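The values are calculated or read from the model by the stated rules, or taken from the named source; none is laboratory data. Just so you know, these numbers come straight off a predicted model, no measurement behind them. Glycine gets a Cβ as well: all are built from the backbone with ideal geometry, and neighbour counts include every protein chain shown. SASA here: full protein model, heavy atoms, side chains in, ligands and nucleic acids out. Shrake-Rupley method; radii C 1.70, N 1.55, O 1.52, S 1.80 Å.
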Amino acid sequence: MRHLSTKLLAGTVAGTLLVAASASAQDRSDWPDNFTVGTASQGGTYFVYGSGWANLIADELDVSGGGEVTGGPTQNLALVHTGDIALGLTTMGPAAEAAGGESPLAPGVPMDNVCALFPMYETPFSIAALSNSGITSISEIPDGARIGFGPAASTSDTYFPAILEELGVDFQRRNGGWTDLGGQLQDGLLDVIAFAAGIPIPAVSQLEVQTDVNIIEFTEEEQAQVLEAFPVAAFQIPASTYNTLEEDARAVSMWNFAIAGCDVSESFIYEVTKLTMENNDKMRNVHRSAETTIPENIVHNSVLPFHPGAVRWYEENGHEIPDDLKL
């Protein structure tokens with residue numbers, strides 16, 4: 001009898017495993033064969049964060065995928081909306097414009113196939129110049145200064161020129177990848193770089209190794225003026241971010257969120273959200289700015305609907321999604 005029971009038990013276990021395996025296969029039946037995460041230019045935080053996140057998904061969920069260099073948040077919204085890429089990274093300012101049909105890439109076309117997944121981090125707006133330039137404040141930026149604003153149509157390029165104009169700065173606008181702009185600053189081809197990127201910004205960290213750099217903060221009055229005029233929040237760049245800083249630097253910031261096409265497989269996005277939200281240690285290994293990649297920060301999205309797969313994970317884990325942010 002004991003031998004028979006053991007055989008029956010073994011058969012039951014085998015049957016259970018077979019059913020589980022079948023269910024798992026069924027769950028993946030509508031998953032993409034591969035995926036791409038839209039990031040931004042090399043040398044910026046989006047590229048590091050997005051590529052590392054893509055590798056984590058690929059490794060843990062056993063799906064082929066990776067990060068792709070793009071023009072940044074505005075282009076990522078368009079690429080996700082059209083289905084050219086499944087996943088991307090964006091900022092709340094460009095997301096609001098895209099949802100309202102005001103994207104510079106598609107004026108008059110509401111991008112309604114873009115859904116939010118999870119909060120990433122705040123993007124500080126910060127300014128750097130070489131120490132030998134003598135520029136230590138925004139008011140000291142000379143008229144006609146050559147300022148690099150990052151890739152065209154990026155968050156930095158969309159908002160920072162308008163911010164500096166609001167503060168009375170006269171400048172010549174330059175665009176390019178952050179690594180390239182950092183090289184131009186070091187070679188004397190630029191006077192200032194105006195960054196909107198997660199910190200630490202790799203290009204700035206690299207510059208610090210090679211030369212003396214000034215991280216230029218906003219005065220209290222400048223910060224208040226910008227907060228009044230733009231969809232940004234007050235921010236302090238911690239002194240520990242860069243070797244150059246001796247104390248926290250006053251700035252402004254904008255939140256970033258990961259996004260996906262609303263029509264991407266719900267079960268796939270559920271697993272992506274689960275993986276990301278339940279493994280913050282692994283996300284911090286990707287980039288230390290992911291310290292704020294936690295479910296409590298979903299409150300910073302009031303613009304895009306959350307993907308149904310993400311909604312399912314949040315609600316299963318006690319995080320409420322407002323009805324107006326559900327599809």
Among (1) in contact with a strand residue (DSSP E or B) (Cβ under 8 Å, 6 or more places away or on another chain); (2) open to solvent by 20 Å² or more (accessible area, probe 1.4 Å); (3) within 22 Å of S103 (Cα to Cα), which single condition is L77 missing? (2)
Subset of segment 119-150 that is crowded, with 23+ Cβ neighbours inside 10 Å and part of a loop (DSSP other than H, G, I, E, B) - its residue that is modelled with the lowest pLDDT: G150
Conditions first: (1) crowded, with 24+ Cβ neighbours inside 10 Å; (2) closer than 20 Å to V232 by Cα. E97 passes all but one, so which condition is the exception? (1)
Taking interchain pairs and intrachain pairs at least six residues apart, which have beta carbon atoms under 8 angstrom, with the first residue in segment 86-111 and farther than 10 Å from V303 by Cα and the second open to solvent by 40 Å² or more (accessible area, probe 1.4 Å) and among the acidic types (D, E)? S103/E97; P104/E97
Taking the residues in segment 240-269 that are open to solvent by 30 Å² or more (accessible area, probe 1.4 Å) and either in contact with a Lys or Arg (Cβ under 6 Å, 6 or more places away or on another chain) or hydroxyl-bearing (S, T, Y) (or both) as candidates, determine which candidate is modelled with the lowest pLDDT. T244
Filtering segment 159-178 down to residues that are outside any loop (DSSP other than H, G, I, E, B) and in contact with a Pro (Cβ under 8 Å, 6 or more places away or on another chain), which residue is surrounded by the most Cβ atoms within 10 Å (Cβ to Cβ)? W178
I'm told T211 meets every condition in (1) β-branched (V, I, T); (2) over 18 Å from T45 (Cα atoms); (3) surrounded by 14 or more Cβ atoms within 10 Å (Cβ to Cβ) except one. Can you identify the failing condition by its number? (3)
Could you check, for segment 217-239, whether at least one of its residues is more than 18 Å from G168 (Cβ to Cβ), at pLDDT 95 or above and assigned to a helix (DSSP H, G or I)? yes
Out of all the residues in segment 300-309, is one or more in contact with a Leu (Cβ under 9 Å, 6 or more places away or on another chain), in a strand (DSSP E or B) and open to solvent by less than 10 Å² (accessible area, probe 1.4 Å)? yes
Between a residue in segment 285-309 that is under 20 Å from I269 (Cα atoms) and of a type in the set (F, W, Y) and any residue that is open to solvent by less than 30 Å² (accessible area, probe 1.4 Å) and not in a helix (DSSP H, G or I), which pairs come within a Cβ distance under 6 Å, given they are 6 or more apart or on different chains? F306/A116; F306/I321
Got a sec? Which of G52, G44, G83, G67 is within 18 Å of the chain's Cα centre (by Cα) and surrounded by fewer than 22 Cβ atoms within 10 Å (Cβ to Cβ)? G52
